[in-house]
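The values are calculated or read from the model by the stated rules, or taken from the named source; none is laboratory data. This is a predicted model, so every value here is computed, not measured. Cβ coordinates were reconstructed from backbone atoms using ideal geometry, including for glycine residues, and neighbour counts include every protein chain displayed.
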Amino acid sequence: MPRVNAELLSFVGDARRAAGISQADLGKLVGVSRQTIGAIERGDYNPSTLIALRLALALTTPVETLFTLTTNVDAPTGEQ
């Protein structure tokens, strides 16, 4: 399987502000600290899949709306 080395662009802050939720309140909904939410919003921390899905649920938006890859990922070629 090819390795993916890509940066993640976060739109969590935009979605959170549009929802009128504080970082602390979003952290409580998701089960992480306010500091973690801030780090995700700044791009200092890439969340696990579980946290990304919890963020999407809490913000009632698809996860792919919250996060975007900044580089292209090639489709697997079947090589291992």
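Note on region 62-76: residues that are crowded, with 17+ Cβ neighbours inside 10 Å and either out of contact with any helix residue (DSSP H, G or I) (no Cβ under 7 Å at 6 or more places or on another chain) or part of a loop (DSSP other than H, G, I, E, B) (or both) total 0.
Residue pairs whose Cβ atoms lie under 7 Å apart, separated by 6 or more positions or on different chains, with the first residue in region 51-65 and of a type in the set (Lys, Arg) and the second part of a helix (DSSP H, G or I), are Arg54/Val30. In region 25-49, the residues that are under 17 Å from Asp14 (Cα atoms) and modelled with pLDDT under 95 form Cβ pairs under 8 Å with partners that are surrounded by 16 or more Cβ atoms within 10 Å (Cβ to Cβ) and among the charged types (D, E, K, R), at six or more places apart or across chains, as follows: Glu41/Arg16. Those helices (runs of 4 or more DSSP H) of region 1-61 in which 1 or more residues are within 11 Å of the chain's Cα centre (by Cα) and farther than 30 Å from Asp74 by Cβ occupy 34-42. Filtered by the rule that a residue be within 17 Å of Ala15 (Cα to Cα) and surrounded by fewer than 17 Cβ atoms within 10 Å (Cβ to Cβ), region 50-60 gives Leu53, Leu57, Thr60.
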